[in-house]
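Input: a single structure, listed below in structure tokens.
The values are calculated or read from the model by the stated rules, or taken from the named source; none is laboratory data. Values in this document were obtained by computation on a predicted structure and should not be read as measured data. Counting neighbours? That spans all protein chains shown, and the Cβs are built from the backbone with ideal geometry, glycine included. Heads up: the accessible areas ignore ligands, DNA and RNA and are worked out on the full protein's heavy atoms, side chains in. Shrake-Rupley method; radii C 1.70, N 1.55, O 1.52, S 1.80 Å.
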Amino acid sequence: NMLALVVEFRIQSEHIADFAAAIEANAKASRDTEPGCRQFDVCRDPADASLFFLYELYDDEAAIQAHLQSAHFLQMDRHTAAWVLSKAVKKLQRTAP
């Protein structure tokens, strides 16, 4: 059964553009280099530029752990940590399709 990570970030206004570039590069690297990452969508609230929403789909818990230990994730996380006002993560079991 696949697992989804749903992540919501609120970013300091002066770092929105830099965060967007960093998270989009992380998403691309995750899709391109992690065999267990099946989807990684970066979404933005059109009414609030500081609000980012991620939808990530992984084969299993091992694939999530591989993602969290990947060089591209660790680098992005360190680089952007000071820009994050809030971060909420949910892990969900995919039930359909």
* Structure fact -> Pairing a residue in region 39-50 that is modelled with pLDDT of 95 or more with any residue that is open to solvent by less than 60 Å² (accessible area, probe 1.4 Å) and not in a strand (DSSP E or B), where Cβ atoms lie under 7 Å and the two sit 6 or more apart in sequence or on different chains, gives 40/27; 40/30; 42/23; 42/27; 49/16; 50/16
* Would you mind finding the one in 24, 34 that is of a type in the set (Asp, Glu), crowded, with 17+ Cβ neighbours inside 10 Å and farther than 16 Å from residue 82 by Cα? => 34
* Options 38, 31, 94: the member that is in contact with a Cys (Cβ under 9 Å, 6 or more places away or on another chain) and among the basic types (Lys, Arg) -> 31
* Asked: Do we have residue 86 as among the hydroxyl-bearing types (Ser, Thr, Tyr), assigned to a strand (DSSP E or B) and at negative phi here?
  -> yes
* Structure fact -> Over region 1-21, the set of residues of a type outside the set (A, V, I, L, M, F, W, C) and open to solvent by 50 Å² or more (accessible area, probe 1.4 Å) is 1, 8, 10, 13, 14, 18
